[in-house]
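**Student:** Structure in structure tokens, see below.
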Amino acid sequence: MRISKITLSSFRNHSQKEIDFGDGLTVIWGENGTGKTSLLEAVYLLSFGKSFKTHKQENLVKEGESSFFLKGVFSSKTKKGDLINIYYKKKSTQKVLINGKKTKGRKSLIGKNPVVVLSPEEQEITKGGPSERRRFFDRVFSVCSGDYLTELQKYRKLLKQRNTALLRIKKGLGGPRDVVVWNEPLAKSGTRLWNTRTAFLKKFKDSLAFVVDSYGEDIDIKIGYPEKQKDINLYLEELKKREQRDIVLCRTTFGPHLDDVFVLWFGKNLKLVGSQGEHKISLVFLKLAEMSFIKNHLGGFPTLLLDDLFAKLDLSRSEKIVSLLKSMKSEDSKPIQTIVTTTDLLNIEKIGILSIHEDTTTHQLTK
């Protein structure tokens with residue numbers, strides 16, 4: 001599924017904007033502050049129901065306005081397309097409509113029209129704490145599996161309920177029995193989540209290895225994931241062992257919500273030893289592996305959103321990444337849909353990305 005058109009109203013710094021996207025490459029260029037990244041943000045929002053830059057929807061509303069509206073038209077040659085409408089009003093809930101029908105929220109969007117974004121904000125995946133990497137992998141796996149998303153949401157709800165019981169004990173409003181009642185359902189859900197996450201991570205490792213091997217240079221990037229307890233009884237024993245500690249801390253100190261997935265650069269933890277350049281190139285490979293992983297599970301590549309990527313990399317690596325992108329073909333042997341933002345159209349031409357796509361659309365934004 002490819003996005004063919006987007007309409008924005010009172011979104012970020014855009015009062016009203018309509019953009020058409022080509023099936024191949026779309027280049028959005030202009031000076032800083034013209035709203036290039038906001039267009040990618042809007043495309044992402046139509047696919048996930050939230051931004052990749054902020055967790056607060058109210059930040060997306062144009063200054064001086066009280067609401068925003070987005071409309072996206074997604075098309076496909078093999079199946080019926082989608083019309084996605086998103087409306088948000090401050091101090092209210094976000095409304096999502098798919099083909100004119102109201103939905104229960106963003107869950108109905110995830111995996112329907114997937115996109116992969118590569119932007120400076122995503123660098124926290126390699127530089128940030130464990131929660132950033134968990135969020136990244138949970139998002140990727142949820143796109144590919146509705147069952148994974150359902151189990152993840154179930155686990156988070158059970159975890160919240162157990163933590164609430166722990167907090168009530170501290171406030172003198174409950175006792176240990178109020179916590180114990182949540183142990184078994186949490187252990188069952190946590191075990192299922194761990195098993196599924198482990199299986200998906202093994203497949204993601206294969207996708208990453210494929211991309212690294214295809215790069216044609218001596219680079220060693222892997223992900224590490226320590227094996228976890230997968231037995232429900234052992235899980236229950238661990239919860240019981242930690243019960244007093246959990247009561248003191250008012251939070252559950254064991255489970256998949258505390259996982260970390262390490263990014264390894266030549267066998268060493270990238271977060272601890274990586275240079276700026278090594279973090280940048282590692283993020284690119286993780287994102288290309290995400291593309292490959294989604295393609296393997298859903299049968300087609302997601303749309304790739306590149307936010308001023310090639311201003312962050314040297315020419316040699318940019319050219320090799322372009323070559324790698326050129327080798328990634330859709331199910332109909334056409335290049336994947338790619339939307340690029342840049343302040344320098346000549347730089348995009350120099351690194352050769354325009355040669356990937358016969359179908360190229362350009363839009364210049366001005367202040």
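**Student:** Taking only pairs six or more apart or across chains, which ones have beta-carbon atoms under 8 Å, a first residue in region 337-349 that is within 24 Å of Phe301 (Cβ to Cβ) and assigned by TED's automatic domain parsing to the domain that holds Leu309, and a second residue that is among the acidic types (Asp, Glu) and in a strand (DSSP E or B)?
**Tutor:** Thr341/Asp307
**Student:** Identify all residues within region 7-17 that are in contact (Cβ under 8 Å) with a residue 60 or more places away in the chain and out of contact with any helix residue (DSSP H, G or I) (no Cβ under 6 Å at 6 or more places or on another chain); write none if there are none. Outline the logic, then answer.
**Tutor:** As a first pass, look at region 7-17 and keep what is in contact (Cβ under 8 Å) with a residue 60 or more places away in the chain: 7-9.
If the condition is that a residue be in contact (Cβ under 8 Å) with a residue 60 or more places away in the chain and out of contact with any helix residue (DSSP H, G or I) (no Cβ under 6 Å at 6 or more places or on another chain), then Thr7, Ser9 are the ones that fit.
**Student:** Also, I was wondering about something else. Within region 43-56, restricting attention to residues that are in contact with a strand residue (DSSP E or B) (Cβ under 9 Å, 6 or more places away or on another chain) and in a loop (DSSP other than H, G, I, E, B), which residue is farthest from Leu8 (Cα to Cα)? Give the steps one after another, and end with the answer.
**Tutor:** Of the residues in region 43-56, the ones in contact with a strand residue (DSSP E or B) (Cβ under 9 Å, 6 or more places away or on another chain) are 43-49, 52.
Those still in the list that are in a loop (DSSP other than H, G, I, E, B) too: 49, 52.
Working: Gly49: 15, Phe52: 17 Å.
Among those that are in contact with a strand residue (DSSP E or B) (Cβ under 9 Å, 6 or more places away or on another chain) and in a loop (DSSP other than H, G, I, E, B), it is Phe52.
**Student:** Please verify whether Gly64 is part of a loop (DSSP other than H, G, I, E, B), within 22 Å of Thr361 (Cβ to Cβ) and among the small types (Gly, Ala, Ser), treating the condition exactly as stated.
**Tutor:** Details: part of a loop (DSSP other than H, G, I, E, B): yes; within 22 Å of Thr361 (Cβ to Cβ): no; among the small types (Gly, Ala, Ser): yes.
Answer is no for this residue.
**Student:** Inspect all residues belonging to region 122-133 and state whether any of them is farther than 24 Å from Val261 by Cα, in a helix (DSSP H, G or I) and out of contact with any Cys (no Cβ under 6 Å at 6 or more places or on another chain). Steps first, please.
**Tutor:** So the first thing to find is which residues in region 122-133 are farther than 24 Å from Val261 by Cα, and the list is none.
No, every residue in region 122-133 fails to be farther than 24 Å from Val261 by Cα, in a helix (DSSP H, G or I) and out of contact with any Cys (no Cβ under 6 Å at 6 or more places or on another chain).
**Student:** I've got another one for you. In region 202-211, how many residues are touching a residue at least 40 places away in the same chain (Cβ under 8 Å) and surrounded by fewer than 19 Cβ atoms within 10 Å (Cβ to Cβ)?
**Tutor:** In the first step, residues of region 202-211 are kept if they are touching a residue at least 40 places away in the same chain (Cβ under 8 Å); the result is 203-204, 207-208, 210-211.
Subsequent filtering for residues that are surrounded by fewer than 19 Cβ atoms within 10 Å (Cβ to Cβ) retains 203, 210.
Counting residues in region 202-211 that are touching a residue at least 40 places away in the same chain (Cβ under 8 Å) and surrounded by fewer than 19 Cβ atoms within 10 Å (Cβ to Cβ) gives 2.
**Student:** Identify, from the list Tyr235, Tyr215, Tyr225, the residue that is crowded, with 16+ Cβ neighbours inside 10 Å and touching a Gly at 6+ places or on another chain (Cβ under 7 Å).
**Tutor:** Values: Tyr215 fails: touching a Gly at 6+ places or on another chain (Cβ under 7 Å); Tyr225 fails: touching a Gly at 6+ places or on another chain (Cβ under 7 Å).
From the options Tyr235, Tyr215, Tyr225, the qualifying one is Tyr235.
Per-residue answers, yes or no, for (1) closer than 21 Å to Pro114 by Cα; (2) crowded, with 20+ Cβ neighbours inside 10 Å; (3) within 23 Å of the chain's Cα centre (by Cα):
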| position | (1), (2), (3) |
| --- | --- |
| Ile3 | yes, yes, yes |
| Ser15 | no, no, no |
| Glu18 | yes, no, no |
| Thr26 | yes, yes, yes |
| Asn32 | no, no, no |
| Glu41 | yes, yes, yes |
| Leu46 | yes, yes, yes |
| Glu58 | no, no, yes |
| Lys62 | no, no, no |
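**Student:** Counting only residues that are at pLDDT below 95 and among the aromatic types (Phe, Trp, Tyr), give me the helices (runs of 4 or more DSSP H) lying completely in region 190-291 with at least 3 of them.
**Tutor:** Details: elements: 232-241, 243-249, 270-273.
Once the helices (runs of 4 or more DSSP H) in region 190-291 are filtered for at least 3 residues that are at pLDDT below 95 and among the aromatic types (Phe, Trp, Tyr), nothing remains.
**Student:** May I ask you to list the residues in region 80-107 that are of a type outside the set (Gly, Ala, Ser) and part of a loop (DSSP other than H, G, I, E, B)? Let's see the steps before the verdict.
**Tutor:** Pass one, region 80-107, residues of a type outside the set (Gly, Ala, Ser): 80, 82-91, 93-99, 101-104, 106-107.
Answer for region 80-107, where residues must be of a type outside the set (Gly, Ala, Ser) and part of a loop (DSSP other than H, G, I, E, B): Lys80, Lys90, Lys91, Thr93, Gln94, Asn99, Thr103, Lys104.
**Student:** Cβ-Cβ below 7 Å, separation at least six or inter-chain, first residue in region 247-268 and under 14 Å from Ala165 (Cβ atoms) and assigned by TED's automatic domain parsing to the domain that holds Lys202, second of a type in the set (A, V, I, L, M, F, W, C) and crowded, with 17+ Cβ neighbours inside 10 Å: which pairs?
**Tutor:** Ile247/Leu166; Ile247/Ile169; Cys250/Leu166; Arg251/Leu166; Thr252/Leu159
**Student:** So, one more: How many of the residues in region 64-83 are out of contact with any Gly (no Cβ under 8 Å at 6 or more places or on another chain) and among the hydrophobic types (A, V, I, L, M, F, W, C)?
**Tutor:** The total comes to 3.
**Student:** Step by step: first the residues of region 156-179, then only those that are in a helix (DSSP H, G or I) and free of Cβ contacts under 8 Å to residues at least 12 places away in the same chain, then the one that is farthest from Val248 (Cα to Cα). Which residue is that?
**Tutor:** Our first condition is that a residue be in a helix (DSSP H, G or I); within region 156-179, this holds for 156-170, 176-179.
Next cut, free of Cβ contacts under 8 Å to residues at least 12 places away in the same chain only: 157, 160, 164, 168, 177.
Numbers: Lys157: 21, Lys160: 16, Thr164: 13, Arg168: 11, Arg177: 15 Å.
The residue in question is Lys157.
**Student:** Tell me which strands (runs of 3 or more DSSP E) are completely within region 1-42 and hold 1 or more residues being modelled with pLDDT of 95 or more, or say none if there are none.
**Tutor:** 2-11, 14-20
The values are calculated or read from the model by the stated rules, or taken from the named source; none is laboratory data. None of the values given here were measured: they were computed from a predicted structure. Methodologically, a virtual Cβ is constructed for each residue, glycine included, from the backbone with ideal geometry; neighbour enumeration extends over all protein chains shown.
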